[in-house]
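Enquirer: What follows is a single structure, and I will ask about it in a moment.
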């Protein structure tokens, strides 16, 4: 996958320094991954697919002042969204020390003033309202709704990165939209 060409072809608007920062992020990820096993993805093409997967939603998300990513892991999708949305304050919640340390390192190395790393489980965080709440590969939709209840209000949007099982996790009582790409189903809850 040619990440840059694919994102440009899909007309996804990104800041001028996005690809420079993504390259630095990938270099650090591969170095840290050798020692700390940050992610199971080991090759550049697979990482590029993860990055594309993380950043694609900016093509349909409303603008937001604040974003919370639950269970960020090595940075998917939260850190990638922070790189793509420099005017959005992004809070990355990751309970594992090695991953939180990696995220903190990336924040410092790339000078990301819009990123806050919280090394704890989301259930341990103080209540705070966010415009958008994201999560990828953490748990099922109902559990994510429970985990996010102290961090949203009636105006918040929820974006969950899902697979085909998403259809089993939602019903008509929930105001939602499912956006499909080749490899991903994005569940957007709170859609007007």
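Enquirer: Sorted by packing (mean other beta-carbon atoms within 10 Å per residue), highest first, where do 65-71, 10-16 land? Don't jump to the answer; show the numbers that get you there.
Expert: Numbers: 65-71: 22.6, 10-16: 11.9.
Result, highest mean Cβ count within 10 Å first: 65-71, 10-16.
Enquirer: Could you list, bin by bin from short to long, the percent of Cα-Cα pairs of the range 1-56 in 5 Å steps?
Expert: Using 5 Å bins, I get a P(r) of 4, 18, 30, 24, 13, 8, 2, 0 for the range 1-56.
Enquirer: Could you tell me how far the Cα centroid of the range 137-179 sits from the Cα centroid of the range 14-66, in Å?
Expert: Using only Cα atoms, the two centres lie 23 Å from each other.
Enquirer: Which of 141, 6 has the fewest other C-beta atoms within 10 Å, and how do the rest follow up to the most? Write out the running numbers ahead of the final one.
Expert: Details: 141 20, 6 15.
Ranking 141, 6 by Cβ neighbours within 10 Å, fewest first, gives 6, 141.
Enquirer: Taking R0 as 25 Å, what FRET efficiency do you get between residue 19 and residue 42 from their Cβ-Cβ distance, rounded to the nearest 0.05?
Expert: Working: r = 21 Å, r/R0 = 0.85.
Here the calculated transfer efficiency is 0.70.
Enquirer: Quick one: if the Förster radius is 41 Å, what FRET efficiency do residue 27 and residue 146 give, using the C-beta to C-beta distance and rounding to 0.05? If you can, show how the numbers build up before the last one.
Expert: On the way: r = 37 Å, r/R0 = 0.91.
That gives a FRET efficiency of 0.65.
Enquirer: Counting helices only, and only those DSSP H runs with n ≥ 4, report the 222 nm mean residue ellipticity of the chain as the sum of -39,500 (n - 2.57) divided by its residues, in deg cm²/dmol to the nearest 500.
Expert: Values: 7 runs with 70 residues, N = 192.
Calculated at 222 nm, the ellipticity per residue is -10500 deg cm²/dmol.
Enquirer: Taking the number of other C-beta atoms within 10 Å as the exposure measure, put 116, 99 in order starting with the fewest. Can you show the working numbers first?
Expert: Numbers: 116 17, 99 23.
Fewest-to-most Cβ neighbours within 10 Å comes out as 116, 99.
Enquirer: For the range 108-192, report the translational diffusion coefficient in µm²/s to the nearest whole number, using Stokes-Einstein at 4 °C, 1.567 mPa s, and a Kirkwood Rh over Cα pairs.
Expert: Working: Rh = 14.2 Å.
Once the numbers are plugged in, D ends up at 91 µm²/s.
Enquirer: Springs between alpha-carbon atoms under 10 Å, Gaussian network over the chain: tell me which of 31, 162, 107 tops the mean-square fluctuations.
Expert: 31
Enquirer: Using only the alpha carbons of the range 3-189, what is the convex hull's orientation-averaged projected area in square nanometres?
Expert: Working: hull surface 40.1 nm².
Its Cα hull, projected and averaged over all orientations, spans 10.0 nm².
Enquirer: For the range 62-153, treating each Cα as an identical point scatterer without solvent, what Debye log10 I(q)/I(0) comes out at q = 0.19 1/Å?
Expert: Per q value, in the given order, log10 I(q)/I(0) is -0.81.
Read-outs throughout are calculated quantities, based only on the coordinates presented, and are distinct from any laboratory measurement. The shown structure was predicted, so the numbers you read here are calculated from the model rather than taken from an experiment. Ideal geometry is used to build each Cβ from the backbone, glycine not excepted, and the neighbour counts take in all protein chains shown.
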